[in-house]
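Heads up, the thing below is written out as structure tokens.
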Amino acid sequence: MMIDNADSLEDMMIEILAMLPVKSLLRLRWVCKSWYNLIKDPIFVDKHLKNDNNTRLIVIYAKEVEKGSDTEEERADGSKPVEPRDFLALYPDETLEDLSLQELESQQPVIGLIWGPYSGIMLIIGVTNLVTLWNIATQEFRTLPKLGIISQYYIRLFTTEAGFGLDLVTNEYKLVLIMKLLDERQMLLYEFHHVVVYTLVTNSWRVFECSKSFLNDIASNNDSVYWVGAFYWLLELKNDSHPGIISFNLGDEEFQEIQGPPIPESAEVTLDVYNDSLCVLFLDTNIHRFEAWVLKNGNWIKEFTVGPFIGFYKPLQFWKKGSFFVELNTRQLLLYEPSTGEMWDFELECLWFSTHIYKESLITIKGGDNLLDE
């Protein structure tokens with residue numbers, strides 16, 4: 001009986017620790033050896049990652065700012081001209097009751113194009129095509145070995161799709177890039193895609209060419225979705241009104257194409273995970289209604305329909321307890337709760353924005369125990 005009580009107390013302790021922010025856990029790891037071992041255990045890292053308390057919202061948005069002081073241009077009224085500038089920011093309050101923004105740009109380790117976050121890790125492709133992984137919560141980063149296929153000065157990245165997640169077969173984290181390359185000498189695109197897989201534990205790339213035509217149809221402005229050991233991308237909607245979805249399994253590193261649910265051509269569509277199932281969420285712009293379809297046992301099941309709504313432009317991503325973010329025609333960001341009909345306006349004034357679900361992560365990207373030993 002005492003053993004059962006001890007086990008129950010230990011389980012309770014693990015549950016409590018899994019709800020704490022990364023900053024607290026990095027201090028608590030020094031309390032005792034058992035906590036140190038627990039906090040770096042891959043099973044605990046994954047459990048912590050899945051806890052809603054560790055979920056935040058990141059926005060990348062553009063605002064007009066005055067041009068730098070190095071320009072002598074002035075308007076007729078004496079003011080300086082403006083130019084658009086991108087900002088990377090975090091809403092620290094996981095309840096989103098406090099909508100104060102925390103700027104992240106100054107913490108960014110290198111300058112470049114940003115993808116993610118994936119499992120709490122941001123991907124940055126720098127101006128020299130070097131790839132950097134960045135854990136925002138721990139401020140740990142790693143610049144990856146240079147990719148030989150883009151080492152020539154005349155080779156440029158034309159399009160890139162990305163994903164970072166856990167291979168459930170090997171229990172190793174992998175980064176996947178699907179790249180379309182441009183030969184600037186001849187101004188020609190390569191006929192095939194280069195697919196590169198980076199394995200974190202070995203700090204190495206594997207490169208292969210893929211001529212599957214559906215890779216050309218990956219929908220723009222739709223990031224990858226990680227679900228049960230694979231990445232998923234939405235394809236551009238064709239005339240058959242059934243969107244294609246492609247998956248890349250991290251275990252066997254193979255692509256597969258699956259058919260989506262029936263969707264009208266007038267729809268604005270996004271792919272996400274809802275209640276632990278792959279989900280297609282769309283707004284039918286003809287009747288102004290949202291529909292959500294989930295994949296269960298290989299079949300698409302309609303989960304809900306809500307609306308009509310006037311002035312809504314497109315769905316973005318699911319948040320917590322079934323709520324989801326919406327962009328209005330006026331470029332405003334809303335959070336909508338289907339079960340209550342409530343809406344929250346973020347009052348984000350900008351030229352454009354994108355939302356990204358961020359989970360604080362204990363994943364070590366330097367290898368070994370570096371994160372926990374620094």
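Residues are listed down the side, and each one gets a yes or a no for (1) in a loop (DSSP other than H, G, I, E, B); (2) under 24 Å from T95 (Cβ atoms); (3) modelled with pLDDT under 85; (4) open to solvent by less than 50 Å² (accessible area, probe 1.4 Å):
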{"position": "I3", "(1), (2), (3), (4)": "no, no, yes, no"}
{"position": "A6", "(1), (2), (3), (4)": "no, no, yes, no"}
{"position": "M12", "(1), (2), (3), (4)": "no, yes, no, no"}
{"position": "S24", "(1), (2), (3), (4)": "no, yes, no, yes"}
{"position": "R27", "(1), (2), (3), (4)": "no, yes, no, no"}
{"position": "I60", "(1), (2), (3), (4)": "no, yes, no, yes"}
(message) Need the failing condition index for R156 against (1) surrounded by fewer than 19 Cβ atoms within 10 Å (Cβ to Cβ); (2) touching a Phe, Trp or Tyr at 6+ places or on another chain (Cβ under 7 Å); (3) of a type in the set (K, R), just the number.
(response) (2)
(request) Would you mind listing the strands (runs of 3 or more DSSP E) fully within region 164-241 where at least 2 residues are closer than 27 Å to P42 by Cα, open to solvent by less than 30 Å² (accessible area, probe 1.4 Å) and among the aromatic types (F, W, Y)? (result) 230-234
(request) Keeping to region 77-118, report how many residues are in contact with an Asp or Glu (Cβ under 8 Å, 6 or more places away or on another chain), surrounded by 15 or more Cβ atoms within 10 Å (Cβ to Cβ) and farther than 15 Å from I357 by Cα. (result) 2
(request) State all residues of region 197-226 that are without any contact (Cβ under 8 Å) to a residue 60 or more places away in the chain and either within 11 Å of L271 (Cα to Cα) or among the polar types (S, T, N, Q) (or both); if no residue qualifies, say none. (result) T199, T202, S204, S211, S213, N216, A219, S220, N222, V225
(message) Going by what's in this entry, would L283 be described as closer than 18 Å to S220 by Cα and at pLDDT 95 or above?
(response) yes
(message) Give all pairs with beta carbons closer than 6 Å in which a residue from region 134-149 that is over 15 Å from L25 (Cβ atoms) meets a residue that is open to solvent by 50 Å² or more (accessible area, probe 1.4 Å) and in a loop (DSSP other than H, G, I, E, B); count only pairs at least 6 apart in sequence or on separate chains.
(response) R142/K366; T143/L130
(request) Look through region 309-350, keep the residues that are over 26 Å from N51 (Cα atoms) and open to solvent by 80 Å² or more (accessible area, probe 1.4 Å), and return whichever of them is farthest from the chain's Cα centre (by Cα). (result) I310
(message) Of all residues being crowded, with 20+ Cβ neighbours inside 10 Å and under 20 Å from the mean Cα position of the chain (by Cα) in region 270-291, which is nearest to W227 (Cα to Cα)? Just the residue, please.
(response) L278
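This table checks each residue for (1) modelled with pLDDT of 90 or more; (2) aromatic (F, W, Y); (3) within 19 Å of Y118 (Cβ to Cβ).
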{"site": "L278", "(1), (2), (3)": "yes, no, yes"}
{"site": "I287", "(1), (2), (3)": "yes, no, no"}
{"site": "K302", "(1), (2), (3)": "yes, no, no"}
{"site": "I310", "(1), (2), (3)": "yes, no, no"}
{"site": "L316", "(1), (2), (3)": "yes, no, yes"}
{"site": "G322", "(1), (2), (3)": "yes, no, no"}
{"site": "V326", "(1), (2), (3)": "yes, no, no"}
{"site": "F353", "(1), (2), (3)": "yes, yes, no"}
(message) Just to check your reading of the model, which residue among G244, G251 is under 23 Å from P42 (Cα atoms) and open to solvent by less than 80 Å² (accessible area, probe 1.4 Å)?
(response) G251
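Is there a residue in region 222-238 that is over 22 Å from the mean Cα position of the chain (by Cα) and polar (S, T, N, Q)?
Just the residues of region 222-238 that are over 22 Å from the mean Cα position of the chain (by Cα), to begin with: 238.
Of the ones still in play, those that are also polar (S, T, N, Q) are none.
No, region 222-238 contains no residue that is over 22 Å from the mean Cα position of the chain (by Cα) and polar (S, T, N, Q).
Suppose the filter is hydrophobic (A, V, I, L, M, F, W, C), open to solvent by less than 10 Å² (accessible area, probe 1.4 Å) and either in a strand (DSSP E or B) or more than 25 Å from N221 (Cα to Cα) (or both); does A137 pass it? Quick ask: steps written out before the conclusion?
Working: hydrophobic (A, V, I, L, M, F, W, C): yes; open to solvent by less than 10 Å² (accessible area, probe 1.4 Å): no; either in a strand (DSSP E or B) or more than 25 Å from N221 (Cα to Cα) (or both): yes.
Judged against the criteria, A137 is not a match.
The values are calculated or read from the model by the stated rules, or taken from the named source; none is laboratory data. Keep in mind the model is a prediction, meaning the values are calculated, not measured. Note that we place each Cβ from the backbone using ideal geometry, even for glycine, and neighbour counts take in every protein chain shown. Side chains included, ligands, DNA and RNA excluded: accessible areas come from the protein's heavy atoms. Shrake-Rupley method; radii C 1.70, N 1.55, O 1.52, S 1.80 Å.
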